[in-house]
Amino acid sequence: MAKPVALNTFHENVVILARDGTAFRPERLAGLRTVEVRANGGSLLASPMICDDPSLVAAGEVGLPEPMFHRLGVTAGTLVEVAPARPPRTLDLVRAKVAGETLSAADYLDIARDLADHRWSDMEVAAFLIACASFMTPEETLSLTRAMIAVGHRLTWNRDPVVDKHCIGGIPGNRTSLLVVPIVAAHGLWIPKTSSRAITSPAGTADTMEVLARVDLDEAEMRHVVQTCGGCVVWGGRVNLSPADDVLISVERPLSIDTPEQMVASILSKKVAAGSTHLVLDVPVGATAKIRDPRSALRLRKLFEYVAGHLGLAIEVIITDGTQPIGRGIGPVLEARDVMDVLANRPRAPGDLREKSIRLAGRVLEADPALAGGRGEARARELLDTGAAARAMDAIITAQGPSPIREGVGDLVHEVCARVSGTLSAIDCLQIASIARLAGAPTNPGAGLDLLHKVGDRVGAGEPLYRIHGSEPSDFHFAVEAAFEDDGMRTHS
């Protein structure tokens with residue numbers, strides 16, 4: 001029978017068996033990487049582990065970590081059957097992809113189903129990702145996107161247009177979505193924004209929004225917020241949109257696998273599943289951004305347009321400056337501060353974050369058929385200047401509920417100073433993001449960096465370039481040490 005075990009195995013399915021169990025002897029596991037676990041008419045493939053401690057898992061018990069309990073829909077004491085598992089047929093498709101074959105739409109649908117059902121191990125997911133990174137046609141990208149939409153939940157709003165804005169990421173502090181959403185909602189368009197949490201960055205949109213309001217809303221709660229306020233910013237993982245993509249992301253991000261094809265399938269499957277009809281996509285280009293040069297940006301834009309066009313999603317891809325961070329704060333609390341400063345029109349609000357948000361919001365507002373063409377940016381600026389966007393954000397925050405975060409900016413502070421006098425010529429986005437993560441962001445929301453200078457500024461030797469904030473001494477020490485080795489700021493005399 002099932003016994004809960006206090007372990008979080010994330011996307012991996014794991015089952016814990018007693019060494020002296022009678023129902024399934026450990027020696028039967030010789031040569032097996034997976035077993036099949038059946039309960040309540042459902043089944044999952046899982047990696048077996050053997051337990052020698054009867055106080056943890058005794059004979060006759062099957063230890064199930066929390067994710068397995070949730071996926072099987074069982075409770076403590078439920079009868080569970082464990083048996084040797086046949087490998088999923090879709091693993092043959094992975095081998096075919098490794099060999100350079102082109103897969104069909106039906107193949108990708110089978111793959112997406114097995115991913116959503118957690119029938120692959122992380123190692124098998126990684127093999128699939130690497131095989132696709134080697135060779136994937138535009139038609140295959142479209143098939144994968146359609147398959148990921150088909151096996152997940154899909155929201156409908158009975159309204160047109162339903163708009164969204166997304167950035168492909170890679171630029172620290174680029175928290176424009178938290179400004180675009182209230183601007184667009186204040187205008188009267190619906191913008192149901194689902195966002196991710198950070199995996200390799202100092203903060204995701206959901207991490208920063210969680211400083212201001214609750215983000216783990218279910219579908220009914222999300223619908224209520226959108227219908228009441230015209231927009232929301234919620235964590236997409238709770239709404240079960242494109243669950244196959246969630247599995248792929250959990251493996252590709254730690255491996256730094258982020259191919260154009262996977263990026264397109266991931267983003268567009270989520271947007272279509274969320275019920276969006278119009279999407280404005282921000283693609284930053286810079287030497288240390290995800291997209292390094294204009295030629296790569298053009299290729300990515302065309303792939304987005306090809307897939308979106310076949311899905312019936314109106315898309316506008318905007319190429320933006322990705323040569324340096326946007327705003328001042330890097331890390332959830334510091335980024336939330338910047339967002340609220342812009343909404344409140346405070347003098348200290350970062351101008352680059354404000355202007356980029358107005359530009360992107362203006363492009364989203366162009367989807368409104370009642371707005372005169374070319375008026376989007378002026379309308380966005382008006383809604384921000386008059387405080388209408390701030391009032392819309394206050395309404396969204398109230399509707400989503402109070403933030404569970406009580407932490408302010410980290411009280412451990414270290415100033416990183418210029419080593420020579422000169423003009424700041426470049427900022428390494430990757431290094432700056434790495435230092436912020438070492439400081440504890442986003443796990444510690446108050447950790448991160450506060451930038452004091454941007455590219456083009458004159459700085460004197462010994463002048464502070466940015467402040468590192470932390471709350472955990474060990475993390476803070478690692479960040480300070482990393483900044484000493486390479487502060488990410490480049491100057492020339």
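The values are calculated or read from the model by the stated rules, or taken from the named source; none is laboratory data. Bear in mind the structure is a predicted one, so any value in this text is a computation, not a measurement. Positions of Cβ are backbone-derived with ideal geometry, glycine not excepted, and every protein chain shown enters the neighbour counts.
Output the number of the condition that M393 fails; it satisfies all remaining conditions of (1) assigned by TED's automatic domain parsing to the domain that holds C232; (2) more than 18 Å from T205 (Cα to Cα); (3) crowded, with 16+ Cβ neighbours inside 10 Å.
(2)
Identify the residue in the range 70-92 that is assigned to a helix (DSSP H, G or I) and among the charged types (D, E, K, R) and, among all such residues, is modelled with the highest pLDDT.
D92
Quick check, is R25 on the phi < 0 side of the Ramachandran plot and either loosely packed, with under 14 Cβ neighbours inside 10 Å or modelled with pLDDT under 80 (or both)?
Against the criterion (on the phi < 0 side of the Ramachandran plot and either loosely packed, with under 14 Cβ neighbours inside 10 Å or modelled with pLDDT under 80 (or both)), R25 qualifies.
Collect the residues in the range 228-241 that are over 14 Å from D117 (Cβ atoms) and among the polar types (S, T, N, Q), keeping them in residue-number order.
T228
I'm trying to understand the selection: among the residues of the range 129-179, which are without any contact (Cβ under 8 Å) to a residue 60 or more places away in the chain and either more than 30 Å from I330 (Cα to Cα) or out of contact with any helix residue (DSSP H, G or I) (no Cβ under 6 Å at 6 or more places or on another chain) (or both)?
A131, S134, F135, T137, E139, S143, A150, N158, R159
Out of the residues in the range 338-366 that are surrounded by fewer than 21 Cβ atoms within 10 Å (Cβ to Cβ) and aliphatic (A, V, I, L, M), which is farthest from V162 (Cα to Cα)?
Once the filter is applied, the top-ranked residue is A349.
Conditions (1) within 21 Å of P254 (Cβ to Cβ); (2) out of contact with any Ser or Thr (no Cβ under 7 Å at 6 or more places or on another chain), marked per residue:
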residue	(1), (2)
A150	no, yes
T156	no, yes
G169	yes, no
N174	no, yes
S177	no, no
A186	no, yes
S195	yes, no
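Would you mention how many residues in the range 258-295 are part of a helix (DSSP H, G or I) and either β-branched (V, I, T) or touching a residue at least 12 places away in the same chain (Cβ under 8 Å) (or both)?
15
Condition check: part of a helix (DSSP H, G or I) and surrounded by 16 or more Cβ atoms within 10 Å (Cβ to Cβ). Does I468 satisfy that?
For I468, the condition - part of a helix (DSSP H, G or I) and surrounded by 16 or more Cβ atoms within 10 Å (Cβ to Cβ) - is not met.
Among G446, G422, which is surrounded by fewer than 18 Cβ atoms within 10 Å (Cβ to Cβ), not aliphatic (A, V, I, L, M) and not assigned by TED's automatic domain parsing to the domain that holds T228?
G422
E139 is checked against (1) of a type in the set (D, E); (2) at pLDDT below 95; (3) under 30 Å from A198 (Cα atoms) and fails just one. What number does that condition carry?
(2)
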